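Q: Have a look at this one.
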Amino acid sequence: MINIIKSDLYRILKGKAIYIVLAIIIILTMVSVVGISAGTIGLSFGTGSDTSDVGLTTEVNNAKTLGEYRKIIKNSGAFALDKEIIGTNTNLYYFFIVITVIVLATDFSTKSIKNTISSAISRKEYYFSKLLLILGLSTFLILFNNYGAYLLNLIINGKAFSTPLLEFTKLTIMQLPLLYGIISLLVCLAFVFKKVSLFNSISIPLIVVIQIIVISVTNLFKLNVTWINDYEIQTALIKLVNSPTNTYIISCIILGIAYCAIFNIIGYYSFKKAEIK
């Protein structure tokens, strides 16, 4: 198992994909920090700050330069921008897709998996070595994104827009179970569908499609089920950084653990019984 992880890690570090991902994360973080606003990929459910002030909106729209815009936002009142940024960590889903592709999905497309598991490597050892590496690299991306945002925001915008480090660390830890659940879903999809093209066509629009389905079904049938919206992944990550109750935190942790267990069981047994061509 260790040899597989070492081999994959060496290959990934020699490639360009991981560095492109890190560069994009830095750019997106810088845009959020300088623009004093967290950006969201996909449908926006809000990040917790109050942007309903009509006068403020008018001032912002009339700002002619970035400096003028930043001055208006800063004068409107301090808020924890770093919390808002990590509240939009659903954005990391798309980087997890890249990690899953370069660690796992390409093995199926290049047929290298057949040679690997026909040697002394068992399918169980192969599955869990890939899972651990994907989780490890994804954890690195989460920490790189979160603490990069924290430091850049502290340097550029100051303490007034920052969260105490210990509290920020607690928020990061609280999000991990759900993020690991998302990662486990991607690993499951990669083992079930195998081909990179099929994996990408399903995984890339998946979160937005689920959000659209949830909104459509609840509106069409006039369902008043707030728990669906509360535990939708993007909403949950936002709520976890905005003073959640202990009950809600525990529920999200249990949900994340359940996702990890369910998706990895499906992925492993699908791979165990699959014919590798």
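Q: Would you say Phe144 is open to solvent by less than 20 Å² (accessible area, probe 1.4 Å), touching a helix residue (DSSP H, G or I) at 6+ places or on another chain (Cβ under 9 Å), assigned to a helix (DSSP H, G or I) and among the aromatic types (Phe, Trp, Tyr)?
A: Here the answer is no, as Phe144 does not meet what is asked.
Q: Consider Ser76 carefully, then state whether it is open to solvent by 50 Å² or more (accessible area, probe 1.4 Å), at pLDDT below 90 and over 30 Å from Phe168 (Cβ atoms).
A: no
Q: Could you identify the single residue in Ile254, Ile266 that is of a type in the set (A, V, I, L, M) and surrounded by fewer than 16 Cβ atoms within 10 Å (Cβ to Cβ)?
A: None of the others qualify; the one that does is Ile254.
Q: Let me ask something additional. Taking only pairs six or more apart or across chains, which ones have beta-carbon atoms under 6 Å, a first residue in the range 13-34 that is closer than 30 Å to Glu68 by Cβ, and a second residue that is at pLDDT below 95 and not in a helix (DSSP H, G or I)?
A: Pairs that qualify, where the first residue is closer than 30 Å to Glu68 by Cβ and the partner is at pLDDT below 95 and not in a helix (DSSP H, G or I), are Ser32/Ala38; Ser32/Gly39.
Q: Looking only at the range 216-274, how many residues end up being more than 20 Å from Gly181 (Cβ to Cβ) and among the aliphatic types (A, V, I, L, M)?
A: Looking only at that region, the number is 5.
Q: Write out, first by first residue and then by second, each pair whose Cβ atoms fall under 7 Å of each other, whose residues are 6+ apart or on separate chains, and whose first residue, in the range 98-121, is over 22 Å from Gly136 (Cβ atoms) while the second is among the basic types (Lys, Arg) and modelled with pLDDT of 80 or more.
A: Final answer for the pair search is Ser109/Lys195.
Q: Please work out which one of (1) out of contact with any Gly (no Cβ under 8 Å at 6 or more places or on another chain); (2) modelled with pLDDT of 95 or more is the condition Phe199 fails and give its number.
A: Condition (2) is where Phe199 drops out.
Q: Looking only at the range 148-172, how many residues end up being open to solvent by less than 70 Å² (accessible area, probe 1.4 Å), in contact (Cβ under 8 Å) with a residue 12 or more places away in the chain and in a helix (DSSP H, G or I)?
A: The number of residues fulfilling the criteria is 13.
Q: Does any residue of the range 185-204 turn out to be over 20 Å from Phe263 (Cα atoms), of a type in the set (D, E, K, R) and open to solvent by 20 Å² or more (accessible area, probe 1.4 Å)?
A: For the range 185-204, residues over 20 Å from Phe263 (Cα atoms), of a type in the set (D, E, K, R) and open to solvent by 20 Å² or more (accessible area, probe 1.4 Å): absent.
Q: Here is a further query. Take the conditions small (Gly, Ala, Ser) and either in contact with a Leu (Cβ under 9 Å, 6 or more places away or on another chain) or under 24 Å from Ala38 (Cα atoms) (or both) and apply them to Ala261. Does it pass?
A: Judged against the criteria, Ala261 is not a match.
For (1) acidic (Asp, Glu); (2) at positive phi, each residue gets a yes or a no:
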| residue | (1), (2) |
| --- | --- |
| Thr218 | no, no |
| Ile233 | no, no |
| Leu237 | no, no |
| Ser243 | no, yes |
| Thr247 | no, no |
| Glu275 | yes, no |
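Q: Sticking with this one: If Val192 satisfies all but one of (1) over 30 Å from Ser112 (Cα atoms); (2) over 16 Å from the mean Cα position of the chain (by Cα), what's the number of the condition it fails?
A: (1)
Q: Let me ask something additional. Could you figure out which of (1) of a type outside the set (Lys, Arg); (2) more than 15 Å from the chain's Cα centre (by Cα); (3) assigned to a helix (DSSP H, G or I) isn't true of Pro244?
A: Result: Pro244 fails condition (3) only.
Q: Then there's this: Within the range 201-232, can you find the residues that are within 18 Å of Ala190 (Cβ to Cβ) and of a type in the set (Gly, Ala, Ser)?
A: The answer is Ser201, Ser203.
Q: If you don't mind, there's one more thing I want to ask. Looking for something surrounded by 15 or more Cβ atoms within 10 Å (Cβ to Cβ), charged (D, E, K, R) and over 22 Å from Lys272 (Cβ atoms) - is there at least one such residue anywhere in the range 228-235?
A: Looking through the range 228-235, at least one residue is surrounded by 15 or more Cβ atoms within 10 Å (Cβ to Cβ), charged (D, E, K, R) and over 22 Å from Lys272 (Cβ atoms).
The values are calculated or read from the model by the stated rules, or taken from the named source; none is laboratory data. All values derive from a computational prediction rather than experimental measurement. Don't worry about glycine lacking a Cβ; one is built from the backbone with ideal geometry, like all the others, and counts go over all protein chains shown. Ligands, DNA and RNA are excluded from the accessible area calculation, which covers all protein heavy atoms including side chains. Shrake-Rupley method; radii C 1.70, N 1.55, O 1.52, S 1.80 Å.
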